[in-house]
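Take a look at the structure below.
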Amino acid sequence: MKRALLVGAIAAALVVCAIGAQVQTSPLFDPANLRAVGAFVRGLFPPDLSPAFLPVVARATLRTLGVAVAGTVLSMALGLPLGILGTASLWRRGPLLEGERHSLGRAALAAASLVARGLSRFLRAVPELVWALFFVVGFGLGPLPGTLALAVSYAGVLGRVYADLFEAVPPGPIVALHASGATRLQAFAAGIWPQAAGSVAAYSLYSFECCVRSAAVLGFVGAGGIGAEINLSMRLFEYGQVTTLLAALVLLVLGADAFSRALRGRFQRNAVHGSGLLRDALELRSARRGLGLVWLALLLFAFQQAGFVGIAAAGLWPHLGRFAAQLFPPDLSPAFLATLVTPLWQTVAISVVGTAIGIALGSVLALPATSTLLVADPDRRRGLPARALRVAIHGAARASLAVLRSIPELVWVLLCILAVGLGPFAGALALGLHTAGVLGKLYAETLEEVPPAPVEELRAIGAGALQRLLWGMWPQARETLASYTLLRWETNLRVSTVVGLVGGGGLGLALYNDVQLAFYDRAATLVLLIYLLVAATDALADRLRRRPTARGIALAPESALALIAESGSAAAP
Amino acid sequence: MSFELREVALVYPSRAGAVRALDGVTLAIAGGERVALLGPSGAGKSSLLKLFNATARPTAGAIRFEGRRLAALAGSDLRAVRRRIGTVFQQPSLVPSLTALQNALCGHLGSWSLARSLRALLAAAPSDTRVALAALKTVGLLDKAAARADELSGGQQQRVAIARVLVQDPEVVLTDEPFASLDPGLTAQLADLLLHVAQGRTLIAALHDVELALAHFPRIVGLRGGRVAFDAKAAEVSPQMLRELYAHEARGAVG
C-alpha cells in the first residue's frame, strides 16, 4: 500500500537521522547527568537579585537593546539600496522597460539588480551568529561585532522584503510617470515609495522585534549583552543569575514587541490611507521638532552602547584587512572537504531530529492547550473540582509552551549539555524543546480556529472530544499544520548550523574550531557550505509547498512572520 | 423512547441583553411519532431541536429523554443518548476535506471507541465501510463516495448528511428545515428520501413548507415567539390557526 510505504520511508529516515544526531537514551538517565540537571534546576531559585548583580543585568540589557536598535537602523540603511536595486519591476522587467531600447547600460543595471538580489540571499542565508563569530575575530570582543552581524544579516532580510514590497505596488502611477518622462529613480520616488512606505515601516519595525531576540543570543559568541552574561553565569554555575538574566531577556523581548506593535498599528493605518511613513515623518519634523531631537539622542545613545565609539582606534582597520585577506581563497582541497561530510550530515540530522522532537512534544502539549477540546467543551462534567482541574491543566500546558518557546535555542543547548553532554544530541534536544514551544502554540491556535460547524455536527452525533479532534478538527487543520511544520524545519536547519558554536555538534562546531585555530580559509569554506545548505533547503521547501496535492498549504504572510518572530533567528519572510 | 418537556425556557446571552428563544414550552413526544414543527422564522424551532439532540441545555425547566433529565448528563452518558438521536441540519456542514464516504462513516462515531475511530481514519473496517456504502447507495451517491465533501453540490451534501444519519441508525431523526436552501425540484426528492429514511423511527421536523407538513405529519406543533401556539392533529389544523401563526408583528423572540 502506498501509505504504508510512505510511513515506512519516513520512519526509516527518522531512524537514520537519529543515528546521525547520536540520539541515545542512556545519558538522559545517567545519574551524574541527572545530578547536574537537578543542581541546575535547584540553583535557578532564588534568582540573584543582589545589589552587586542587578547593575550588571541592567547594563547587559541596555547593551542588548542598543545593539538591536543600532543593528536595525544599519540594516535598514543597507537593505534599502539592496531592495531598490533588487526590485525587478524597476530594472529587469515590466512596463517601465517595455518601451526602452536594449543598451549596454540597461543590461548592466539588470545584472546589478540580479547581483543585489543574490547578495541579499547570501547575507540572510548565513546565520547572524556566524556573521558575529567572524566580526568578533575582525573587531575583537564586544557589542560592535554583534551590531554589525545584525546589520548584515537583516540587511539581507530587509533587502528581499523591500524589493517584494516595491514590486507589489500597483503599476498605474509608475507607468504614467514614466510616460511623462520621469527617470526610474524619479518613478521610484514619486510612484513606488509613497505607496509602499507604510508597509516598509511596518516590516522594518517587525525586523526590529526579531533583532532584539537575535541580539540577546549573539553574546554567546563574544558579542556582549545578555547572551554573554548568560554564558558566563552558566560557566560559573551561578544559576540564580541565569534566572535573573532570562527574566530580563523575556521582559526586553515583550517590551520590544509591545513597542513595535503599537507603532506598526499606526503605520498600517496610515498605509491604508495611502500616505504612510512620509506623512508621519513630516509631522514629526514640523510639529514635534523637540520630540525628534529626543529620538535622535536615543539613537546616538544606542550606537554608543553598540560599540561605535572606539571604532577609529589605531590598528583596528589594518587588523581587519589582514583578517579579511586570510579568508581568501577558501580551502577547497579534497582532503579538507572530505572532513566536512560528517558535520554536514550531523547538521541535517540535528534539524530533522529536533523538528521531530518538537512535533511530538508540541502535539502532546497542544491538545490540553486547545481550549475547544478542554476548558470550552460544554459536554464535560460541570462540578467545580472537575472544572478547576481542567482550567489548571489548560493553564499548565499553555505556560509550559510559553517557557519552552521564550528560552532561545542556544540557551537550551547549554542546558541540554548538562543533561546529555556535549555533541549533536544536545543540539537536537535543544532544538526540539524550543520547537515544541513554537509548534505547540501554533498547533493549539490552528485547532481552535478550525471552522466549528462540522465539528458541532459530530458532537450532535455523539462523538467525544478526541473523536471530534480526529474526524472534525484534524482533517480541517492538517494542511495548515503541515505547512507550519515545514516552515519550522527550514528555520531549524538554519539554527542547527550554529548550535555547534556552543557545543551542540554539526557544522557550527567545525566552524568554531577553525576560527579558534585561525584556519580562516577553512572557515570561509564552511560559510559557503552553510549558505549552500540553507539555499538548498529553501528550494526544497518551496517545491514541497508548490505541490498541487498540497491543497491550501500556502501560508498567510502574517502568520509566516509570526513564526519567524517566535524563532528569534533571521529568516526570509 | 420518549421526550418530555416541562416549562422549558432557553435564553441566549447576547450583546443587546438576553434573548429568550423558548419560554414555558411543555410538550411530550412518544416513540414512533411524526411531528412537524411550524412557525415563522425566530419562533424557536431550531432552539427546540438543539434541546432534543442535547447540544443545548434549558435555562429553566427540564427536558427528559426516557425519563432521564438530559441536562444532568455528561461524558459517556451524554454520548450514549446523542448516539440514538440523528440530526439533519438546515445547511449541513460536512467535514470539507474528508470524502463523502468518510463523512458517512462519521455516523458511527457515537458507537466507536476512540481506538476504532483512529484506525478508521486510516482504514475503516470492511463491515463499517459496507454500512456506509449502502447508505450512500440509498441516497443515490454511490458514485461520489470518493469525492471530497467540498466538491459536492449543496443538494449532494444534504444527501451525504442523510446517509450519515442512516449509518448512525438512530431511534429519533430530527431535521431542521433541511430543504430551505434547495430548489423546489430537489426539495420533493429529498423530502421523499427523508421520509423513507425515517421509517420506523421517531421523526421531528422543523419545516416551513406547510403543505408538506400537513401531508406527511400526523401531528403539528405551532411555535410562535418561543411559545407553543398550538399542538394539534394535522386534520384539525385550520387555515385560521395557520394565519395567526404566521401573522406579522413577530413579537420579541429570536431563535
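Could you run through the stretch A:362-383 and say how many residues are under 12 Å from A:L466 (Cα atoms), in contact (Cβ under 8 Å) with a residue 60 or more places away in the chain and not aliphatic (A, V, I, L, M)?
Filtering the stretch A:362-383 down to residues under 12 Å from A:L466 (Cα atoms) leaves A:367-368, A:370, A:372-374, A:377.
Narrowing further to those that are in contact (Cβ under 8 Å) with a residue 60 or more places away in the chain: A:367, A:370, A:372-374, A:377.
Restricting the remaining residues to those that are not aliphatic (A, V, I, L, M) gives A:370, A:372, A:377.
Qualifying residue count for the region: 3.
Table: residues versus (1) buried (at least 16 other Cβ atoms within 10 Å of the Cβ); (2) outside the structural domain of A:S153 (by TED's automatic domain parsing); (3) at pLDDT 80 or above; (4) under 21 Å from A:T64 (Cα atoms).
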residue: A:F220; (1), (2), (3), (4): yes, no, yes, yes
residue: A:R235; (1), (2), (3), (4): no, no, yes, yes
residue: A:A248; (1), (2), (3), (4): yes, no, yes, yes
residue: A:S260; (1), (2), (3), (4): yes, no, yes, yes
residue: A:Q268; (1), (2), (3), (4): no, no, no, no
residue: A:A271; (1), (2), (3), (4): yes, no, no, no
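Condition check ((1) modelled with pLDDT of 90 or more; (2) more than 8 Å from every other protein chain (Cβ to nearest Cβ); (3) in a helix (DSSP H, G or I)) across all residues:
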| position | (1), (2), (3) |
| --- | --- |
| B:Q90 | no, yes, no |
| B:V95 | yes, no, no |
| B:L101 | yes, yes, yes |
| B:G107 | yes, no, yes |
| B:W112 | yes, no, no |
| B:A115 | yes, yes, yes |
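Does the stretch A:1-38 hold any residues that are assigned to a helix (DSSP H, G or I), of a type in the set (G, A, S) and farther than 28 Å from A:G224 by Cβ, and which are they? Those that are assigned to a helix (DSSP H, G or I), of a type in the set (G, A, S) and farther than 28 Å from A:G224 by Cβ: A:A4, A:G8, A:A9, A:A11, A:A12, A:A13, A:A18, A:G20, A:S26, A:A32, A:G38.
Condition check ((1) within 13 Å of B:L101 (Cα to Cα); (2) part of a loop (DSSP other than H, G, I, E, B); (3) modelled with pLDDT of 90 or more) across all residues:
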site: B:R159; (1), (2), (3): yes, no, yes
site: B:P170; (1), (2), (3): no, yes, yes
site: B:P178; (1), (2), (3): no, yes, no
site: B:H208; (1), (2), (3): no, yes, no
site: B:L214; (1), (2), (3): no, no, yes
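The condition (being more than 27 Å from A:L526 (Cα to Cα) and surrounded by fewer than 22 Cβ atoms within 10 Å (Cβ to Cβ)) is satisfied by just one residue among A:A419, A:A444, A:A436: A:A419.
Hey, any hits in the stretch B:69-82 for a residue that's out of contact with any Phe, Trp or Tyr (no Cβ under 6 Å at 6 or more places or on another chain), among the basic types (K, R) and facing chain A (nearest Cβ under 9 Å)? Yes, the stretch B:69-82 has at least one match. Taking every residue in the stretch A:464-493 that is on the phi < 0 side of the Ramachandran plot and at the interface with chain B (Cβ under 9 Å from one of its Cβ atoms) and pairing it with any residue that is β-branched (V, I, T) and buried (at least 24 other Cβ atoms within 10 Å of the Cβ), at least 6 positions away or on another chain, the pairs with Cβ-Cβ distances below 6 Å are A:G472/B:V95; A:P475/B:V95.
Considering the stretch B:1-53, the qualifying strands (runs of 3 or more DSSP E), each wholly inside and each with 1 or more residues that are aromatic (F, W, Y), run over B:2-12.
Which residue out of A:L96, A:L109, A:L62, A:L119 is under 27 Å from A:E490 (Cβ atoms) and either in contact with an Asp or Glu (Cβ under 8 Å, 6 or more places away or on another chain) or assigned to a helix (DSSP H, G or I) (or both)?
Values: A:L96 fails: under 27 Å from A:E490 (Cβ atoms); A:L109 fails: under 27 Å from A:E490 (Cβ atoms); A:L62 fails: under 27 Å from A:E490 (Cβ atoms).
Step by step, each of A:L96, A:L109, A:L62, A:L119 is checked, and only A:L119 is under 27 Å from A:E490 (Cβ atoms) and either in contact with an Asp or Glu (Cβ under 8 Å, 6 or more places away or on another chain) or assigned to a helix (DSSP H, G or I) (or both).
I need the full set of residues from the stretch A:131-152 which are farther than 21 Å from A:F328 by Cβ and surrounded by 23 or more Cβ atoms within 10 Å (Cβ to Cβ), in order please. Lay out the reasoning, then the answer.
Pass one, the stretch A:131-152, residues farther than 21 Å from A:F328 by Cβ: A:140-144, A:146-147, A:150-151.
Residues satisfying the conditions are A:P143, A:L144, A:G146, A:T147, A:L150, A:A151.
For the stretch A:175-184, does any single residue satisfy the condition of being surrounded by fewer than 22 Cβ atoms within 10 Å (Cβ to Cβ), among the charged types (D, E, K, R) and on the phi < 0 side of the Ramachandran plot? Yes: the stretch A:175-184 contains one or more residues that are surrounded by fewer than 22 Cβ atoms within 10 Å (Cβ to Cβ), among the charged types (D, E, K, R) and on the phi < 0 side of the Ramachandran plot.
The values are calculated or read from the model by the stated rules, or taken from the named source; none is laboratory data. Values in this document were obtained by computation on a predicted structure and should not be read as measured data. With ideal geometry, Cβ positions are generated from the backbone for all residues, glycine too; neighbour counts draw on all protein chains shown.
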